[in-house]
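Worksheet for the structure shown next.
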Amino acid sequence: MAEESWHQARLIPTSGINGADEQERRATSALLAVMSSVREFGRVLTQPLGAPAGQLETYIEVPFYLGERRLYPDGLLRSRRGQKEWTALVEVKTGVNELATEQLEAYLDIAREQDFDAVITISNEIPAVAGLHPTKVDKKKLKRVALHHWSWSMVLAEAVLQKEHRGVADPDQAWILGELIRYLEHPRSGALQFEDMGSSWVTIREAVASNTLRAGDKGAPEVAARFDALLRFVSLQLGRKLGDDVTPALSRKELAEPALRSQSLVQSMCTHGSLQGAINIPNAVGPVVVTADLRAGQVTCHIDLAAPREGKPTTRVNWLLRQLRHAPDATRIEAFVMHGRGAGTAELLRAVRDQPALLIEDPKKELRSFRVALGLPLGTKRGRGRGSFIDSVEHAIDTFYGDIVQDLRAWTATPPRLREAPAQPDERPSLTSTALSSQDGAESDPVEPTSTATNDEPVTADLETDEPEASLQPVPSLATGQPGATEVSG
């Protein structure tokens, strides 16, 4: 028998999964077991929810009574440290199954009766805004019990970040976490990727293309929410590759009132036929702005960065060009001047590489900032695959970051250098003495010169050697290198 057909034994096998119930039960058991076994992974998931840093206990299908009904939440988490105890019920959905309001409200009632702290839901639903639950429940039931949501994409991203980048101290635990990652990445696990733009996508897309969309159309808010969920999904995927937390960029007002963000997207679709959002990447020069133009069929990513604060305009343009060595020729560059209003100059990178002066409209005006943008074709299909909206947006963001953003660095001024103090001439009086010293040796009789010269007569040459007896030459000063006192050399 050929070994290629053999299946390797796995800690969490995907074989034998029959139906949604078995899929949910196995996914729940696998996740909770690994959370309790790999301390770092369990901690990174539960710490933001208020759980203490104690040993995490996990259980599945714990029975509870609510009135005369007997209910079985999919799981239960408990963490103790000192006198503090934190407990949460867990409800899990896999595949395309969605959370049900009635079921969640029943679990909230159980948690309140048992004095538990939270209810956690896990599904493939990705909320448009972090912290916002995808299922609407009665807010009165949230007074004493918190309701949290994890998407399977988020769980998988956190598992990869912990294993590959943050690290797991114990090698055996790291292997166990790797087995969970392998399981969740398998199509049969039910932990799907972002697969669909929603049932209203085709209708809204066609209305945008024909310029007939109105703010009151029912499907518009759903498409807006799915677009924000897509940006959140792409952020998680990019974060897995970079080993860091990549998040959608939202204002404080939008985070506090998600309805405002939805209204803004719907209005943008009605007015401009486009959807726009941004993502924050750690240590990037700025947020990456993503614009999906549904009418033009193009998705554009752009990033803004400040120009250098010194040098000629051409020097500043060349500073940017050196950082765009891997960027495609079709990249668009815009330049904005100080105190300028409206659009600046814009050219494609292929032209600017040959003539940097194309971005300089007035050499006397100082360049303030640049915008670097890349446009790619936008798909229209609501699902995944070739020609889909989801894949085209994800591909555009990955390409823009890989070819452009990761090479960009913010300009920093050169620190001032210390001035070198000018050398001072040595003005100290000469200490040279013609007097004899005890260190000069024994005294000897002076030698009579063969000839004498006065100030008005030249020195006479020796008749035998035809050379002067002595010549007066300047000796360089050690301090300044300039002629100083004279000495007799012979």
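Among the numbered conditions (1) at pLDDT below 90; (2) open to solvent by 40 Å² or more (accessible area, probe 1.4 Å); (3) farther than 30 Å from Val202 by Cβ; (4) not acidic (Asp, Glu), the only one that Thr315 does not meet is (1). When the stretch 374-394 is examined, which residues are found to be part of a loop (DSSP other than H, G, I, E, B) and either touching a residue at least 60 places away in the same chain (Cβ under 8 Å) or surrounded by 14 or more Cβ atoms within 10 Å (Cβ to Cβ) (or both)? Selection gives Leu378, Gly379, Thr380, Arg382, Gly383, Arg384.
Please pick out the residue among Arg371, Arg322, Arg350 that is surrounded by 18 or more Cβ atoms within 10 Å (Cβ to Cβ), outside any loop (DSSP other than H, G, I, E, B) and among the charged types (D, E, K, R).
On the way: Arg322 fails: surrounded by 18 or more Cβ atoms within 10 Å (Cβ to Cβ); Arg350 fails: surrounded by 18 or more Cβ atoms within 10 Å (Cβ to Cβ).
The unique qualifying residue is Arg371.
Test Leu132 against the stated conditions and say whether it is in contact with a Lys or Arg (Cβ under 6 Å, 6 or more places away or on another chain) and not polar (S, T, N, Q). Taking the combined requirement at face value, the residue does not satisfy it. The numbered conditions (1) in a loop (DSSP other than H, G, I, E, B); (2) within 30 Å of Thr399 (Cβ to Cβ) are all true for Arg205 except (1). Just one of (1) in contact (Cβ under 8 Å) with a residue 12 or more places away in the chain; (2) open to solvent by 70 Å² or more (accessible area, probe 1.4 Å) fails for Asp172. It is (1).
Looking at Gly311, Gly277, Gly239 in this structure, which one is touching a Phe, Trp or Tyr at 6+ places or on another chain (Cβ under 8 Å) and either aliphatic (A, V, I, L, M) or outside any strand (DSSP E or B) (or both)?
Details: Gly277 fails: either aliphatic (A, V, I, L, M) or outside any strand (DSSP E or B) (or both); Gly239 fails: touching a Phe, Trp or Tyr at 6+ places or on another chain (Cβ under 8 Å).
None of the other options fit; the residue is Gly311.
The set of residues in the stretch 34-76 being open to solvent by 30 Å² or more (accessible area, probe 1.4 Å), of a type in the set (A, V, I, L, M, F, W, C) and not in a strand (DSSP E or B) consists of Val44, Leu49, Val62.
In the set Arg295, Arg252, only one residue is of a type in the set (Lys, Arg), in contact (Cβ under 8 Å) with a residue 40 or more places away in the chain and either over 30 Å from Gly167 (Cβ atoms) or open to solvent by less than 30 Å² (accessible area, probe 1.4 Å) (or both); that residue is Arg295.
Given Thr121, Thr135, which one is in a loop (DSSP other than H, G, I, E, B) and touching a Leu at 6+ places or on another chain (Cβ under 7 Å)? Sole residue among the options that is in a loop (DSSP other than H, G, I, E, B) and touching a Leu at 6+ places or on another chain (Cβ under 7 Å): Thr135. Candidates Val44, Val34: the one that is touching a residue at least 12 places away in the same chain (Cβ under 8 Å) and touching a Lys or Arg at 6+ places or on another chain (Cβ under 9 Å) is Val44. Is it the case that the stretch 85-94 has a residue that's open to solvent by 40 Å² or more (accessible area, probe 1.4 Å), at pLDDT 90 or above and over 31 Å from the mean Cα position of the chain (by Cα)? The answer is yes; a qualifying residue exists.
Taking each residue of the stretch 187-207 that is free of Cβ contacts under 8 Å to residues at least 24 places away in the same chain and looking for partners that are among the polar types (S, T, N, Q) and surrounded by fewer than 15 Cβ atoms within 10 Å (Cβ to Cβ) with beta-carbon atoms closer than 9 Å, six or more apart or interchain, yields Glu206/Thr212.
The values are calculated or read from the model by the stated rules, or taken from the named source; none is laboratory data. This is a predicted model, so every value here is computed, not measured. As a convention, Cβ positions derive from the backbone with ideal geometry for all residues, glycine included, and neighbour counts pool all protein chains shown. To get the accessible areas, we keep the full protein, side chains included, count just its heavy atoms, and leave off ligands, DNA and RNA. Shrake-Rupley method; radii C 1.70, N 1.55, O 1.52, S 1.80 Å.
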